[in-house]
There are 2 protein chains.
Amino acid sequence: MNAYRPIASDIGFILLDVLRAQDTLAPLPALADNADPDLMRQVLEEAGKFVGEVVAPLNRDGDEIGARWQDGRVTMPPGFRDAYQAFWQAGWPALSAAPEDGGQGLPTVLEMVLYEWLSAANHGWTMAPGLLHGAYDCIKHHASPELKARYLEKVATGEWLATMCLTEPHAGSDLGLARTKAVPQADGSYRISGTKIFISGGEHDLTDNIVHLVLARLPDSPPGPKGLSLFLVPKFYENGSRSPVVCERIEEKMGLHGSPTCVMRFDEATGWLVGEHGKGLNAMFLMMNAARLHVALQGVGLLDAAWQKADAYARDRRQMRAPVRRDPSQPADPIIEHPAVQRLLDTQRAWVDTGRVIAYQTAIELDVAKHHPDAARRQQAQQWCALATPVLKAAWTDQAFHGASDCLQVFGGHGYVREWGIEQVVRDARVTMIYEGTNEIQAQDLLFRKVLADGGRSFSTWLDRLDGDLTHTHSPSAPRARRDVDALRDLAAALPAAQPTALYPVAGDFLRAVALTLMGWAVCRLEAGANGTSPVPEAFGRSVWPECAMRREMVRAALN
Amino acid sequence: MNAYRPIASDIGFILLDVLRAQDTLAPLPALADNADPDLMRQVLEEAGKFVGEVVAPLNRDGDEIGARWQDGRVTMPPGFRDAYQAFWQAGWPALSAAPEDGGQGLPTVLEMVLYEWLSAANHGWTMAPGLLHGAYDCIKHHASPELKARYLEKVATGEWLATMCLTEPHAGSDLGLARTKAVPQADGSYRISGTKIFISGGEHDLTDNIVHLVLARLPDSPPGPKGLSLFLVPKFYENGSRSPVVCERIEEKMGLHGSPTCVMRFDEATGWLVGEHGKGLNAMFLMMNAARLHVALQGVGLLDAAWQKADAYARDRRQMRAPVRRDPSQPADPIIEHPAVQRLLDTQRAWVDTGRVIAYQTAIELDVAKHHPDAARRQQAQQWCALATPVLKAAWTDQAFHGASDCLQVFGGHGYVREWGIEQVVRDARVTMIYEGTNEIQAQDLLFRKVLADGGRSFSTWLDRLDGDLTHTHSPSAPRARRDVDALRDLAAALPAAQPTALYPVAGDFLRAVALTLMGWAVCRLEAGANGTSPVPEAFGRSVWPECAMRREMVRAALN
C-alpha cells in the first residue's frame, strides 16, 4: 500500500493560475504581506512535505491498531503523538490564526489545503487538530478576557487540543433537545453535569491538556435551542488538578479508527460561560461555514486518495485485452486501458479538481467576508460562502464515499481486502456524509434557509455572478454551463410558489442540481486555465453532467 | 440490534399472487407434485422460521469474532457449525436438488428465496452453503460415474461442503491467465499444484470433508481459457488420509468476516477430471446464471435487511419537528415523518420488491428452461435468464451497497457505530458488486454477449414479451412502462451500427437503462396484484424512474 502523496504543483495551478487567489487576497489589508504567489507556493511545498513524510505513513496503523481505551485513558495509535507534537511545534495549526494570537496570519485557503491533504493522508489523525481553528474562533470572538488570557494562545497554536461537546444520546441533529445542566456558582463559574456522545478527541495522549467547549442548559433556561449556552471546561485546571470529565468509553466504528469517538461524562465539572446566556448555538454556528468547508475538503482529499490508489493499481494490473491499445508482447493489458476503468478514474478526477476549484474559491471568499474594506463586497462574499458551503459539504462528501467505492471496484477482489488500503478510504469517508450536519440537513439548509428565506434574491445574485464569470471565461464548455445557470434560475423562480411540503422531499435533488451547475462553472474555469490535456471536461460532460437536467426535472415534478 | 426477520407472507404475495408461479411451474412434469401453492407457502414458512431463529442470531458474532485461522486450520464463529449441521440435516441444501440424488425436487425459486433470506440474515454464514448447488450441478452434469458415486449425494445434501477454486493472484476477472498445473498419472488421476486465492470456505470446521473444484492446466495445454480443465480434489480422500491442500492464510476483509476467504496451496494433490479436457470454463459457466442470480438475491436480501433496520429506527427515533404530521405532545417527531427519510426508505422498498419480482420470475424461467417439454418455450426461458441475470446481478448488488448506505444515513452518527448493525450490512454488501463477475463485467456481458452477439434479436424478442405482459397488466403505470420498453427498443436498434470502442464506456449505462425498464415492468406487476397501499409505485416514479431516460441519453450520446 502506498501512502498518500500531496502534489503541491496541482494545488498551485488551481489556486494561483486558475483562481488567481493572489489578485483577490493581496489587496486585503490583513493579508497584504501574506498572499504573495511565491510565498503561497512555498507554504504549499512545505505543507505537502510534512503531510507526506510525517502524517501519511501512520495511516495504516491508525486504522488497524486504532485508538484504544482503558480505564478512562485513551492511547492513540503508534506515532500519532510524535507527529502531532511536531505538527504544532512547526506552527501548522496556527497557519491562518492572527499574528497577535500566536498565528501566522496566512490566507484561510492555505489552511484549507493543508487539512484537505491531511485528511487524504490520514483522516483519523486529522480529526484531532480538525476542530482547533473553530475552537480558536469561538474563544476569540466570544470568551471573556480572562478566559482568553488562559486559553486563546494555547488553542491558536495547537499546544492544547480542543473538542466540541454538542451531541447527546437523544439529541443529534436536533441539538435543542440537549439536557446537560450548567448550575451557576457564586464565583461566576458553573458546574456542568451531563453526558455527551460522539466527541471526537474527547480524550487522548496527544497534548498535555484538552479544552472542551460544551453546550449546556441553565436550570432556569427555556426548553429548545434558545435555552442552550456554551461553556469552556478544561481537562486540567490551572492549578494542575484534573477536572471531573470522564471518558466512559470510545465507540466501535465502521472506520476512522485513528480518532477516538468518546462518550464524555461531566460530573459537576467547573466551567466558564463563553458568549451570552442562551446564545450557545449562535456561538457555534458562527464557525459553521468554515467547519463545513473543512468537511467538504475532507471529501475532496479522501476522493483524491482513492483516485491515487486506483490510478496506480490500474496502470500496474494487467487483465484481459483492451479494446484499443493492446500490447501483443504481454498476455493481457493494463486495466487502465479498459474504457470502463478509464471513465471511472476520470470521473473521480473531475470531482476532485472541480471540488478544489469551488472549495478554494469559497475559502478565498471567507477571507474577503472577514477582511474586505467594502461592506458590499463583504456581503457578497458572505453570500457565496452561505450558498456554496452546504452544496460542497453534501455533494463532495457523497462523492468521497461513492467515488472511493468506485475506485475500490478497480481493484476487483483485491479492493475488498485490507492489503491495498482502498477499503479503508471507503470506510473512513462514510462519516463525512453524517457529521457537521447530515447531508440531508445541508440540503434543507440550502433550500429553505439560504435560497427561499429571502425569496431567492441572494441565490439569484449568486447565479448572476457565476454567469458573469462564465461570460468572461474562454472555455468551450461555457455555453453549456451558462444554459445550466439559466435553467437553475428558472427553476429557483418557481420555488417560492410551491408548498413547503412539496419541496421537502426534493431538497436533495435541488442541492444536486446546484452542485452540478457549480461543477460546470468550475470545469470552465479549469478549461480556461489549462493546456488542454486534462480529461476533466470530457469526463464531466459524459459521466456527470447528464444528471443535472434530471435533478432539475425531479424538483420540477414535485412542484406540480 | 435486531436480527433479520423473514416475512413469508411478503414472498408468498409476490411469488403466488403477483407472479402466479404455480401456473407456470405445476404444468412442468418434473415439478407436477411440488408446485402447489399451499406446499410452497408451507416451505416458505418453515424456511423463514429456520433462518430467523437459527441463522440470523449468529450474524453479529460472525462479524465481530469472525472466522479465525491458525496453523492452517480455520475456526468458524460461535454457533456456525451447529447451525450448519442443523441446516443440512433438515434437508435445506437439497431443497431443489433432484430426488434421485437425495434432494426434494422443489422449484428452484424456493431455493432462491431461502438464500435471499439467509444472506439478509447472515451473509457470512451463507457463503459456506452458497456454492453447494452450483457444485452439485457441476458434478451431476460433468463428473464420471465413479466420481458421482463418491461425491454427488454428499454434495447434494450438503453433508460435505464444496468450493470453487478459480482465481489466482494474477488471474482474477481474466481466468485464462491461470497457471495451476495438473499432471496426469498412470491411474487416470492428476496431480494438482498451484496457489488459488479468494477461495470462500476453502477451509473450515463446518463439515467433515470439503470438495474442491479446481481450474488447472495440463502440461501440454494451450495458453488462455481453452487450456483450462476442471478437477475435483477433496480435503480427505476415501481412505481417510488428508490431501496436500493447505490453507495458507485467510484475508482481512472489509466485511463478510463470518466467511473465511482462503489462500489455498495445492502441493501435488491428487484430483480427478470433471468434464472434458480444455472445457473447464464451460463446465463452470453452465452454472453461472444460477450463481449470479444467487448473488443478485444476496443484494435484494441485504437491502431488505438494511431497510428493516432503518425502518424500525426511523419509527422510534424522534428528532425535530416533522413538516406535516406533528405530535405536539412530544418534543420532537419520529424521523420517519421527515420527508427525506420517508423517501429514502420507500425507494429501498421499491428496489427490494421489484428485485424480488424480477429475480423470482427469472428463477421460474430457470426451471422452465430445464424442464419444459417444448423446446421453443425452453429457449425463450433461457433467453430470459441470459438477459435478466447480468442486469439483476449488477443493478441489485449496486443498490444493496448504495441503498444500505442510504439506510445507514437514517441513523445519523449512530449508523456509523457498530451498535445498530447497519454499518455491517454496508460492509458485507460491498463484495457482492465484485464477486461472480464484477458489475462492469456484467455490463459487458449484457451488451456484447447477450444483446449484440445475435444482432439484438433475442433482446428484441424479450422486449416483446415484456411489452406483451404490460398490455395485459391492469396498472396505472403500464403506459409509462411501455414507453420505456419502446425507447429501449429504439436505442438497442441503434447499437449494432456503432463502433464497439464507442460502446465500451457506456455498457454500464445501457445496463442501468435495462434495469430501470425492467423495474418499471415489475412495478406494474406489483401494482396489478396489490391492494393499492404500497408506496412502491410512487417511490419508483419519483425517485428512481427519472434515471432511465438519462441513461438512454448517455448511451445515445456515445453513438454520435
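All of the numbers you see were taken from the coordinates with simple rules; none came from a lab. Note that the structure is a prediction, hence the values are computed from the model and not measured. Here the Cβ positions follow ideal geometry from the backbone for every residue, glycine too, while neighbour counts run over all protein chains shown.
Tabulated data
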| read-out | value |
| --- | --- |
| Count of Lys pairs (Cα-Cα under 12 Å; at least 8 positions apart or interchain) in chain A | 4 |
| Axis proximity, chain B to A: residue whose C-beta lies nearest, plus whole-Å distance | B:MET550, 2 |
| Principal-axis tilt of helix A:478-494 within chain A, Cα atoms, nearest 10 degrees | 50 |
| Cα-derived Rg over Rh, computed across segment B:1-82 with Rh taken as Kirkwood radius | 1.19 |
| Under-5 Å amide H pairs with A:GLU252, H placed in peptide plane, nonlocal only | B:ARG418 |
| Computed log₁₀ I(q)/I(0) - Debye formula, equal Cα scatterers, no solvent, chain B, q 0.13 Å⁻¹ | -1.41 |
| Estimated [θ] at 222 nm from DSSP helical runs (n ≥ 4, -39500 (n - 2.57)) normalised by residues in chain B, nearest 500 | -16500 deg cm²/dmol |
| Inter-copy separations for B:PHE285, label at 7 Å along Cα-Cβ, nm, ascending | 6.3 |
| Net charge of neighbours whose Cβ lies under 14 Å from the Cβ of B:PHE266, counting Lys and Arg as +1 and Asp and Glu as -1 | +3 |
| Taking N as its residue count, the alpha carbon Rg of segment A:361-508 over 2.2 N^0.38 Å | 1.27 |
| Rounded tilt (10° steps) of B:339-371 against the dominant C-alpha axis of chain B | 50 |
| Copies compared at A:ARG325 - label distances in nm, ascending, label defined 7 Å from Cα in the Cβ direction | 5.6 |
| Cα long-axis angle, helix A:145-157 against chain A (0 to 90 degrees, to the nearest 10) | 40 |
| Signed unit charges on C-beta, dipole axis of chain B, positive-most listed residue B:VAL485, B:THR167, B:GLY201 | B:VAL485 |
| Exercise: per-residue mean of other protein chain Cβ atoms within 10 Å, A:427-440 | 4 |
| Relative frequency of Cα-Cα separations exceeding 21 Å in segment B:8-140, percent | 46 |
| Cα Rg over Rh - segment A:107-241, Kirkwood | 0.98 |
| Total formal charge among the other residues, if their Cβ is under 15 angstrom from that of B:LEU293, Lys/Arg +1 and Asp/Glu -1 | -2 |
| DSSP loop GluC sites (Glu not before Pro) with at most 12 other Cβ within 10 Å: longest gap in chain A | A:277-560 |
| Separation in nanometres of the label points that stand 7 Å from Cα toward Cβ, at A:ASP208 and B:ARG81 | 5.6 |
| Dipole moment magnitude, nearest 20 debye, segment A:287-559 about Cα centre, only Lys, Arg, Asp, Glu C-beta charged | 80 |
| Other-copy label distances relative to B:HIS170, 7 angstrom Cα-Cβ extension, nm | 6.3 |
| Cα Rg over Rh - the protein assembly as shown, Kirkwood | 0.97 |
| Net lengthening on full extension, B:ASN2/B:GLU238 (0.36 nm per residue, minus Cα-Cα) | 80.6 nm |
| Candidates per trypsin sites (Lys or Arg not before Pro) in segment A:81-183, loop by DSSP, up to 15 other Cβ within 10 Å | A:ARG179 |
| Averaged over A:413-421, number of beta-carbon atoms from partner chains that fall within 10 Å | 6 |
| Mean projection area, nm², convex hull over Cα of segment B:279-401 | 9.7 |
